[in-house]
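Chemist: Please find one structure pasted underneath; my questions will follow.
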Amino acid sequence: MKKVWILSLSLFVLLLLSACSSSNEEATGKERMKVGVMLSDAGLGDQSFSDIAFEGLEKARDELDITFDYRELSETDTYEQGIEELVAGGQDLVIGLGFSVQEAMEKAAAKYPDQQFLLIDAMSDAPNINTVLFKEDEGSYLLGALAAMKSKTGTVGFIGGVDNPVIHRFEQGFTAGVKQVNPDAKILSEYAGTFGDDVLGASIAKDMIAQGADFLYPAAGFTGVGSILAAQEAGVYAFGVDIDQFFLAEKTIVSSLLKRVDTAVYQSIEEIVKSGKLSEKHKVLGIKEDGVSLAPIRVLSLTAEEQKQLDTLQEKLSDGSLTITE
């Protein structure tokens, strides 16, 4: 009899809590926003693009009281399947990370015209897809200038992931920054064709180091992690990308290009929570908009004159008096 009474009381409490929760939702008239994210090809643990985007998603959950779901390519095999599953889950916003997601997202956007999509790192004219791009060339320009200032061999290297316009912006800015400081510098460049192969990244780095490169700039996701570790093993310098990658190689990472994908994700969700929609069809974030910046300079020191030169270049990029052309 005592057990029956306890079970009855427990059921009553659960029903009461459920009723209170329903009453609160009715009182506020609000439902928690649901966000779905299709991660980039390397997925979580890339210590770069996907990881920093996920931080923005978690911040939105904690501060804006949203719920989220996500898919990785390793689970769904195709971007199309991942996006289909997210749409089927009733998400208010589906976010695609990286240019590789574009084709699949545009197919889904045409199939589900009432679904709101956000594509990060690529441009789309589909009516229900908003986009966010970054001026990676601006931050890369500063890293190129920094490399040219401190290189002893006059040879530096750029390692790209997939050969794509987004990665071209990294290379273009880096090259321009190097040439700004040292027009005679030699710049090695190679594309790995993937963002997920650290062994290949290490191999490319070793080849460049053998050719005299004493600064490496990999914009290659997890492939770039291999390049960075190879640089540290060889005793040369490297730059990180997307996040502050100093933790990967504390003897070799001089600075990193901070690509604030986390900010783009958080601010987009925040805008929808507050106003119900995204105000800009295409948003482009650079130094001026705090979309890209440099991590602290470590490992080596700049002279007062070098620091002044770097600060001046950053100010000119921010105010538009310096532009980077192909």
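Chemist: For region 27-59, give me each residue that is aromatic (Phe, Trp, Tyr) and at pLDDT 95 or above.
Modeler: none
Chemist: Right, here's the next one. Looking at (1) modelled with pLDDT of 95 or more; (2) under 16 Å from the mean Cα position of the chain (by Cα); (3) β-branched (Val, Ile, Thr); (4) not assigned by TED's automatic domain parsing to the domain that holds residue 265, can you tell me which one residue 159 breaks?
Modeler: Unmet condition: (2).
Chemist: Pick out the one residue from 204, 269, 228, 209 that is assigned by TED's automatic domain parsing to the domain that holds residue 98 and not in a loop (DSSP other than H, G, I, E, B).
Modeler: One residue alone meets the criteria, 269.
Chemist: Let me ask something else. Considering only residues that are of a type in the set (A, V, I, L, M) and either modelled with pLDDT under 95 or buried (at least 24 other Cβ atoms within 10 Å of the Cβ) (or both), which ones fall in region 106-117?
Modeler: The answer is 108, and nothing else.
Chemist: Within region 217-231, can one find any residue that is polar (S, T, N, Q), in contact with a Pro (Cβ under 6 Å, 6 or more places away or on another chain) and at pLDDT 95 or above?
Modeler: Yes: region 217-231 contains one or more residues that are polar (S, T, N, Q), in contact with a Pro (Cβ under 6 Å, 6 or more places away or on another chain) and at pLDDT 95 or above.
Chemist: Here's another thing I want to ask about it. Which pairs do you get when a residue that is under 14 Å from residue 311 (Cα atoms), found in region 285-301, comes within reach of a residue that is of a type in the set (D, E, K, R) and in a loop (DSSP other than H, G, I, E, B), reach meaning Cβ atoms under 6 angstrom, with the pair 6+ apart or on two chains?
Modeler: 295/244
Chemist: Has region 60-73 got at least one residue that is basic (Lys, Arg) and not in a helix (DSSP H, G or I)?
Modeler: Yes, that holds for at least one residue.
Chemist: Follow-up question, since we're still on this one. List pairs: first residue in region 169-198 and on the phi < 0 side of the Ramachandran plot and in contact (Cβ under 8 Å) with a residue 12 or more places away in the chain, second residue surrounded by 19 or more Cβ atoms within 10 Å (Cβ to Cβ) and basic (Lys, Arg) anywhere in the structure, Cβ distance under 9 angstrom, at least six positions apart or on different chains.
Modeler: Here the result reads 169/135; 173/135, each pair linking region 169-198 to a residue that is surrounded by 19 or more Cβ atoms within 10 Å (Cβ to Cβ) and basic (Lys, Arg).
Residue-by-condition table, conditions (1) modelled with pLDDT of 95 or more; (2) of a type outside the set (Lys, Arg); (3) part of a helix (DSSP H, G or I):
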{"position": "240", "(1), (2), (3)": "yes, yes, no"}
{"position": "250", "(1), (2), (3)": "yes, yes, no"}
{"position": "255", "(1), (2), (3)": "yes, yes, no"}
{"position": "277", "(1), (2), (3)": "no, no, no"}
{"position": "280", "(1), (2), (3)": "no, yes, no"}
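Chemist: If only one of 261, 199 is more than 25 Å from residue 149 (Cβ to Cβ) and modelled with pLDDT under 95, which one is it?
Modeler: 261 is the lone residue from the list that is more than 25 Å from residue 149 (Cβ to Cβ) and modelled with pLDDT under 95.
Chemist: Another question about this same structure. Just to be sure, is residue 290 part of a loop (DSSP other than H, G, I, E, B) and within 15 Å of the chain's Cα centre (by Cα)?
Modeler: yes
Chemist: Are any residues in region 202-229 surrounded by 24 or more Cβ atoms within 10 Å (Cβ to Cβ), touching a Leu at 6+ places or on another chain (Cβ under 8 Å) and without any contact (Cβ under 8 Å) to a residue 60 or more places away in the chain, and if so, which ones?
Modeler: Matches in region 202-229: 205, 208, 228.
The values are calculated or read from the model by the stated rules, or taken from the named source; none is laboratory data. No experiment lies behind these values; they were computed from the predicted model shown. All Cβ positions, even for glycine, are placed from backbone atoms using ideal geometry, and neighbour counts span all protein chains on display.
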